[in-house]
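Enquirer: Attaching a single structure in C-alpha cells format; questions to follow.
Where a number appears in this text, it was derived from the coordinates with a stated rule and is not lab data. If you're wondering where the values come from, they're calculated on a predicted model, not measured in any experiment. Positions of Cβ are backbone-derived with ideal geometry, glycine not excepted, and every protein chain shown enters the neighbour counts.
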Amino acid sequence: MIEAQGGCRCGAVRFVARLPDPPVPALDCNCSICSMSGFLHIIVAHDDFTLVSGGKLLTSYRFGSGMAEHKFCSRCGMKSFYQPRSHPDAWSVNARCLDVPVALDVTRFDGRDWENAKAALDGQ
Ligand SMILES: [Zn+2]
C-alpha cells in the first residue's frame, strides 16, 4: 500500500489515506453530481483514512435516497471526499484532490442506472 495526502482547494480540509499500490482502482461515475463536479472516486476503507484538519468546515449535502453524504469545504466548495452510498464502510476520495497524482485503473460506473451498476460492481 501507499500513503497519499490530499485535501480541498483552500487547504482547510486535509487528509491522509492508505491506497493500494498503483495503478489504484478508481471509479468514473456519470451521475448528476459526479459528472457536474468531475469527481473521480478512489474507495478507501474508513480505517485507512484519517482526516487531519478541516472537520468543522465540512458541510453536507444529500439528495435522492439521502444515503450518500456529500461533504464539501464550506470555504472553497471543494468535495475532496465523501460518504458514498455504494460503499457504506468506506469513504470515496477524489483522485483529483490528491497532492501528488497517482496512476489509476479507471472503471466506468453507470451512476444514472445506479442499482444495476452497483450489482455489476459487486459481481466483480
Ligand atoms: Zn476548502
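Enquirer: Place a label point 7 angstrom from the Cα of ILE2 along the Cα-to-Cβ direction, then list the residues of segment 22-38 whose backbone nitrogen is under 11 Å away.
Expert: 22-25
Enquirer: Please report the antiparallel percentage of the DSSP beta bridges confined to the chain, to the nearest 5. Mind showing how you got there, number by number?
Expert: Working: 25 of 31 bridges.
Percentage antiparallel, nearest 5: 80.
Enquirer: Label segment 10-124 by shape, choosing from rounded, prolate and oblate, from the square roots a ≥ b ≥ c of the eigenvalues of the Cα gyration tensor; if a/c is under 1.5 it is rounded, and otherwise prolate applies when a/b is larger than b/c, oblate when it is not.
Expert: Details: a/c = 1.68, a/b = 1.22, b/c = 1.38.
Here segment 10-124 falls in the oblate category.
Enquirer: Which whole-Hz ³J(HN,Hα) couplings does segment 79-87 yield from phi under the Karplus relation 6.51 cos²θ - 1.76 cosθ + 1.60, θ = phi - 60°, glycine and proline marked x?
Expert: Those phi angles translate into 9, 8, 7, 6, 8, x, 5, 6, 9 Hz.
Enquirer: Given axes a ≥ b ≥ c from the Cα gyration tensor, I'd like to know whether segment 1-46 is rounded (a/c under 1.5), prolate (a/b larger than b/c) or oblate.
Expert: Details: a/c = 2.56, a/b = 1.20, b/c = 2.13.
Verdict is oblate for segment 1-46.
Enquirer: Return the long-range amide H neighbours of VAL24 (sequence gap of 5 or more, or a different chain), with a cut-off of under 5 Å between placed amide H atoms.
Expert: Sorted by chain and number, the residues that satisfy this are ALA103, LEU104, ASP105.
Enquirer: Using the Karplus curve 6.51 cos²θ - 1.76 cosθ + 1.60 with θ = phi - 60°, work out ³J(HN,Hα) for each residue of segment 3-11 in order, rounded to whole Hz, and write x for Gly and Pro.
Expert: Values per residue, Gly and Pro as x: 10, 10, 10, x, x, 7, 5, 7, x Hz.
Enquirer: Here is a follow-up. Could you tell me which residue out of HIS41, LEU98, PHE72 lies farthest along the dipole of the chain toward its positive end? Charges go on the beta carbon: Lys and Arg +1, Asp and Glu -1, centred on the Cα centre.
Expert: PHE72
Enquirer: Would segment 57-124 count as rounded, prolate or oblate if I go by the C-alpha gyration tensor, calling it rounded below 1.5 in a/c and otherwise prolate when a/b exceeds b/c, oblate otherwise?
Expert: Details: a/c = 2.42, a/b = 1.25, b/c = 1.94.
Cα axes put segment 57-124 in the oblate bin.
Enquirer: Show me, for segment 107-112, the HN-Hα J-couplings you get by feeding each phi into the Karplus relation (A = 6.51, B = -1.76, C = 1.60, θ = phi - 60°), rounded to Hz, glycine and proline as x.
Expert: So the J values, rounded to whole Hz, are 10, 6, 10, 7, x, 7.
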